[in-house]
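S.K.: Just passing along the structure, written as structure tokens.
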Amino acid sequence: MTAQEVRLCGLLLQEHFGEVVEKVGTHLLKSGAQNLRTIIHETGLSVDLVKKSLCVLVQHGATTFSSGRKGPGSPTEYHTSCDRILRILRYPRYIYTAKTLYGDTGELIIEELLQRGHTTMSSTVKTVADRLTQNMAEGRTMDYTEVSLTFSKLVETHFLQRCPPLPGVGNKDSSAPSETPATPGTPAAPVNTAPPTPESFPECYKVPSVTLIGRGKRQLASEDGEEQRSAKRAKMDPETHGDEGIYWQVNFERFHLHFRDQTIISAVANKLDQTSSEIVRTMLRMSEVTTSPMATCTKPLSANEIFRSLPPSYNILRPILDQYLTLLVDDPMEFVGKAGESGGGMFVVNLHRALANLARATLESVVQERFGSRSARIFRLLLRKRHLEQKQVEDFAMIPAKEAKDMLYTLLSQNLVQLQEIPKTPDYAPSRTFYLYTVNQLPTARMLLQNCYKTVANLIERRLFETKESKRLLEKSQRIEAILASLQASGAEPEQLTEVEEMITAPEKQQLDTLRLHINKLDSAENQVDETIFLLESYINSTNASS
Amino acid sequence: MLPVAWDTEGPQRVLAVSHNISSQANKVRAPRRQETLEMAEVKVKKETNLSDPAEVENRIKELCQQFPHGITDQVIQNDMPHLEPQQRAMAINKLLSLGQLDLLRNSAGLLYRLKDSQSTSKMKGSDNQEKLVYQIIEDAGNKGIWSRDIRFKSNLPLTEINKILKNLESKKLIKAVKSVAASKKKVYMLYNLQPDRSVTGGAWYSDQDFESEFVEVLNQQCFKFLQSKAEAARDSKQSPMVQRNSSFATSHEVWKYICELGISKVDLSMDDIETILNTLIYDGKVEMTVIAAKEGTVGSVDGQMKLYRGVNAIIQPTGLVKTPCGLCPVFDDCHEGGEISPSTCIYMSEWLDF
């Protein structure tokens, strides 16, 4: 939990849940696991507020609770980790992915679940159906079964998972780690004290048999107040649908695997050509559910299988496919490796190596944009050759000595390049020591990751600042919009409308436009930096797993 | 033991310094001049079965002419068996000091060789110290030798060395060449010799200056060549294996292309081109593979050939650098509430208004 991460988490919590939750959240982040009394005491908030904030945090999976340090009898302690909170930054990307894969229905389902944290299937289906019906043409409504179908598909591909039952409630469900939907009845292994992951429950991906018959309700204008109330509060539905107590959450890991696959595919497309990327896409799709998230490479796939699973639009002949596979294996980037000869050749996708290459390309691109292409040349040279003296750097990179020295020292001061001393004599006399320049990929990646966090926090703060600056203007425009809407609804004449519209002067309108532009730019920049964050985080996690 | 100047070609030359010769393998003693005179007097008093010293010298010179590769002491002894070792030594010494004979050492022992008259004429008028320094410099060949090394080898004091060097330079016998490695260092070599590559820096240096523009131009030309080759291969729409293989270019092909372009005033060797191609690899624009090639195919070195191919980057510039913070020079000083903060950042304002 670095300072930058805590700052960013604070900003995200504040934006999404408000100041009170932010206060409690950041306090927990900074001080580790604490019980309720301590939190109340140290944050100075009232018991009610703290309880509610903790509820919100637990609902969204940001906080977990467990029995206290002193044993089962002591008060429960609440523990927050910043990973989950930093995911909030990535919500737009999740929603967009769901949209591309499962259409509008999928998009809305994921959006609902992200907003609510944990919900049951039935409530989600109903809400989504209602929302879809609203946007549809007059007279058409969305059937619940369609939405349930999409929901089941999402569960089948593991994008959604059940929330693990609370400790102490569902003892019969403990452990037997398997993520495939298995029949309940697997023998219970001894309970371990670590917080159970959702996937350690056999029914993680089992869709409950839910009786959901009905259609979405269209929100009519007269039912404004009622619908709003029911949308905001978790209204107790008189009908039960057979899935009480089964709550679902978004499986972030699965989305991350998907993003990782996408990045690898686009890298292959950039480096080689479209057909090779299609082949890699097929291979990754076939190994989606059979590969564990932390695997170094996918399970070996034979060339025959790949040939059969290629999308029908690509009529590649078998020998051509073999050639492509050979080319992929020979490529220095080593995205694909050969694991055997049976079945026409067994091929794997080297995930960890691909991630390392992508992280390296990220580092190189940062150096290039920040310091220029010659410094990037020196950086790449050091990455390849590991340790070099200053004279050797000048010779290999073919840069005049003075400039090379300057660039090396700049990179050194920014900590992108490190100096290794090798003494010839026991006293480290400078004239008798070798000084070698080197680049360590992993520590540099970590440093850049922290820089990314700081950057995102800066962007958010700037956005808040811009909004605050123009607060008066925004409020005025909102008021006018509200007046316009009410006038239109009550059927006013065009002159009245134009009169109201003219209340905003032209320069103010321009100001509003620039403000909108700025905020959009800052928003999209946040998403772009988040892509870098994702790459670097995946790379660092992959090295953690293998070490 | 006096220092000996080593020459790597052929038998090694031993210097006769002033009046002393150092010899290890041979039993020829090094008599001093005074002793020689004494000896001569003694000899004169002795039985004149022995030849006149001048006669001896002439004989030795004739022998040298007979054997241009050099004669050992043994040969002289065989020729004039009645000659005593001291007389022999004296004669040889005299010839050496006159600069008419060269003393060399090879694995068998000491060799005496007739020096060409041309070089002897050059050194007329110079005394022995200068001759010594001249010989040291000559031995250094085209790599040149530093003044401190001359001092070590000749054991002369620094002031003497400097005087002699100035003298020789004014006589246009030697020249000073600035070394590219250490710009303050000057190496001396014979006047008419071409300095070696390691001193001048080779093709990339002209007059001690690194030619960056030249390197840049070569860089771009090579890259364009490889890129066009790769594109031609991609457009040819053949099977992927053929496509990839045709997008490769051997270092020999690139070298030929550059030579034909004629943008270089100096002749570039294949090694030079390979260093340029390596910089392209470090730029991330080109990748290299090595394949085994039969000896004798054009361009193969030690049974291998290096193939180069233009490539594209695997990712677009990363998201972090699309924001002003990614490129900000004062990134570390920026925090909310400080003088440099996100709210007041001028880079951000510029970027937002772009």
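S.K.: With the structure loaded, tell me whether A:T362 is within 14 Å of chain B (Cβ to nearest Cβ), closer than 30 Å to B:P329 by Cα and β-branched (V, I, T) or whether it fails that test.
M.R.: So A:T362 passes the test.
S.K.: Continuing with the same structure: Yes or no: B:D333 over 40 Å from the mean Cα position of the chain (by Cα) and away from chain A (no Cβ under 11 Å)?
M.R.: Criteria met by B:D333.
S.K.: Could you identify the single residue in B:I76, B:I71, B:I21, B:I60 that is at pLDDT below 75 and under 20 Å from B:Q135 (Cα atoms)?
M.R.: From the options B:I76, B:I71, B:I21, B:I60, the qualifying one is B:I21.
S.K.: Moving on to the next point. Taking A:R285 as the residue in question, decide whether it is basic (K, R), under 30 Å from A:L113 (Cβ atoms) and either assigned to a helix (DSSP H, G or I) or outside the structural domain of A:F379 (by the TED database) (or both).
M.R.: It is true that A:R285 is basic (K, R), under 30 Å from A:L113 (Cβ atoms) and either assigned to a helix (DSSP H, G or I) or outside the structural domain of A:F379 (by the TED database) (or both).
S.K.: Taking into account only those residues within the stretch B:295-311 that are aliphatic (A, V, I, L, M) and part of a loop (DSSP other than H, G, I, E, B), which is modelled with the highest pLDDT?
M.R.: By that ranking, first place goes to B:V311.
S.K.: While we're looking at this one, here's another question. Here are the criteria: (1) open to solvent by less than 50 Å² (accessible area, probe 1.4 Å); (2) within 24 Å of A:H16 (Cβ to Cβ). Tell me which single one A:I480 does not satisfy.
M.R.: The number of the failed condition is (2).
S.K.: Could you please give the count of residues in the stretch A:130-187 that are hydroxyl-bearing (S, T, Y) and modelled with pLDDT of 75 or more?
M.R.: Going through the stretch A:130-187 one residue at a time, the tally reaches 7.
S.K.: Another question about this same structure. List the helices (runs of 4 or more DSSP H) inside the stretch A:291-385, counting only whole elements, that have at least 2 residues being in contact with a Cys (Cβ under 9 Å, 6 or more places away or on another chain).
M.R.: The helices (runs of 4 or more DSSP H) meeting that bar are A:351-371.
S.K.: Being surrounded by 14 or more Cβ atoms within 10 Å (Cβ to Cβ), more than 9 Å from chain B (Cβ to nearest Cβ) and over 25 Å from B:L218 (Cβ atoms) is true for just one of A:M407, A:M346. Which residue is that?
M.R.: Every option except A:M346 fails the conditions.
S.K.: Please indicate, with yes or no, whether at least one residue in the stretch B:301-311 is in contact with a Gly (Cβ under 9 Å, 6 or more places away or on another chain) and away from chain A (no Cβ under 11 Å).
M.R.: Yes.
S.K.: As an exercise: evaluate A:Q420 against (1) without any contact (Cβ under 8 Å) to a residue 12 or more places away in the chain; (2) in the same structural domain as A:A404 (by the TED database); (3) under 30 Å from B:V321 (Cα atoms) and give the number of the one condition it does not meet.
M.R.: (1)
S.K.: Further question: Does the stretch B:251-266 include one or more residues that are open to solvent by 20 Å² or more (accessible area, probe 1.4 Å) and within 12 Å of another protein chain (Cβ to nearest Cβ)?
M.R.: Within the stretch B:251-266 (the criterion being open to solvent by 20 Å² or more (accessible area, probe 1.4 Å) and within 12 Å of another protein chain (Cβ to nearest Cβ)), the answer is no, since none of the residues qualifies.
Yes/no matrix, rows are residues, columns are (1) charged (D, E, K, R); (2) open to solvent by 50 Å² or more (accessible area, probe 1.4 Å); (3) at the interface with chain B (Cβ under 10 Å from one of its Cβ atoms):
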residue	(1), (2), (3)
A:A376	no, no, yes
A:K454	yes, no, yes
A:A457	no, no, yes
A:I460	no, no, yes
A:K471	yes, yes, no
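S.K.: Of the conditions (1) closer than 30 Å to A:Q418 by Cβ; (2) surrounded by 21 or more Cβ atoms within 10 Å (Cβ to Cβ); (3) within 18 Å of the chain's Cα centre (by Cα), A:N541 clears all except one; give me its number.
M.R.: Single failed check for A:N541: (2).
S.K.: Among the residues of the stretch A:349-373, write down those that are open to solvent by 20 Å² or more (accessible area, probe 1.4 Å) and under 28 Å from A:A404 (Cα atoms).
M.R.: A:A356, A:N357, A:R360, A:E364, A:Q368, A:E369, A:R370, A:F371, A:G372, A:S373
S.K.: Taking the stretch A:311-343, which residues are away from every other protein chain (no Cβ under 14 Å) and open to solvent by 20 Å² or more (accessible area, probe 1.4 Å)?
M.R.: A:P311, A:P312, A:S313, A:N315, A:K338, A:A339, A:G340, A:E341, A:S342, A:G343
S.K.: May I pose another question? For the stretch A:67-78, indicate whether the set of residues that are touching a helix residue (DSSP H, G or I) at 6+ places or on another chain (Cβ under 7 Å), closer than 28 Å to A:F151 by Cβ and surrounded by fewer than 21 Cβ atoms within 10 Å (Cβ to Cβ) is non-empty.
M.R.: Scanning the stretch A:67-78, I find no residue that is touching a helix residue (DSSP H, G or I) at 6+ places or on another chain (Cβ under 7 Å), closer than 28 Å to A:F151 by Cβ and surrounded by fewer than 21 Cβ atoms within 10 Å (Cβ to Cβ), so the answer is no.
S.K.: Let me ask something else about it. Hey, could you check the stretch B:344-354 for residues that are crowded, with 16+ Cβ neighbours inside 10 Å and at the interface with chain A (Cβ under 9 Å from one of its Cβ atoms) and say which is nearest to A:L459 (Cα to Cα)?
M.R.: B:M348
S.K.: Here's something else I'd like to know. Would you please name the residue that is farthest from A:C163 (Cα to Cα), looking only at residues in the stretch A:121-138 that are hydrophobic (A, V, I, L, M, F, W, C) and in a helix (DSSP H, G or I)?
M.R.: A:L132
S.K.: Go through the stretch A:502-538 and give me each residue that's more than 9 Å from chain B (Cβ to nearest Cβ), open to solvent by 20 Å² or more (accessible area, probe 1.4 Å), over 12 Å from the mean Cα position of the chain (by Cα) and not polar (S, T, N, Q).
M.R.: A:E502, A:M503, A:I504, A:A506, A:P507, A:E508, A:K509, A:D513, A:R516, A:I519, A:D523 - these are the residues of the stretch A:502-538 that are more than 9 Å from chain B (Cβ to nearest Cβ), open to solvent by 20 Å² or more (accessible area, probe 1.4 Å), over 12 Å from the mean Cα position of the chain (by Cα) and not polar (S, T, N, Q).
S.K.: Would you tally the residues in the stretch B:224-242 being among the hydrophobic types (A, V, I, L, M, F, W, C) and open to solvent by 40 Å² or more (accessible area, probe 1.4 Å)?
M.R.: Looking only at that region, the number is 3.
S.K.: Can you tell me how many residues within the stretch B:304-333 are surrounded by 19 or more Cβ atoms within 10 Å (Cβ to Cβ), more than 26 Å from A:S373 (Cβ to Cβ) and not aliphatic (A, V, I, L, M)?
M.R.: Adding up the residues that qualify gives 0.
S.K.: Also, quick follow-up: Collect the residues in the stretch A:1-34 that are touching a residue at least 40 places away in the same chain (Cβ under 8 Å), part of a helix (DSSP H, G or I) and β-branched (V, I, T), keeping them in residue-number order.
M.R.: Correct list: A:V6 only.
S.K.: For the stretch A:114-151, how many residues are open to solvent by less than 30 Å² (accessible area, probe 1.4 Å) and of a type in the set (S, T, N, Q)?
M.R.: Residues meeting the conditions: 7.
The values are calculated or read from the model by the stated rules, or taken from the named source; none is laboratory data. Keep in mind that what you see is a predicted model, and the values were worked out from it rather than measured. With ideal geometry, Cβ positions are generated from the backbone for all residues, glycine too; neighbour counts draw on all protein chains shown. In case anyone asks, the SASA skips ligands and DNA or RNA and just uses the protein heavy atoms, side chains included. Shrake-Rupley method; radii C 1.70, N 1.55, O 1.52, S 1.80 Å.
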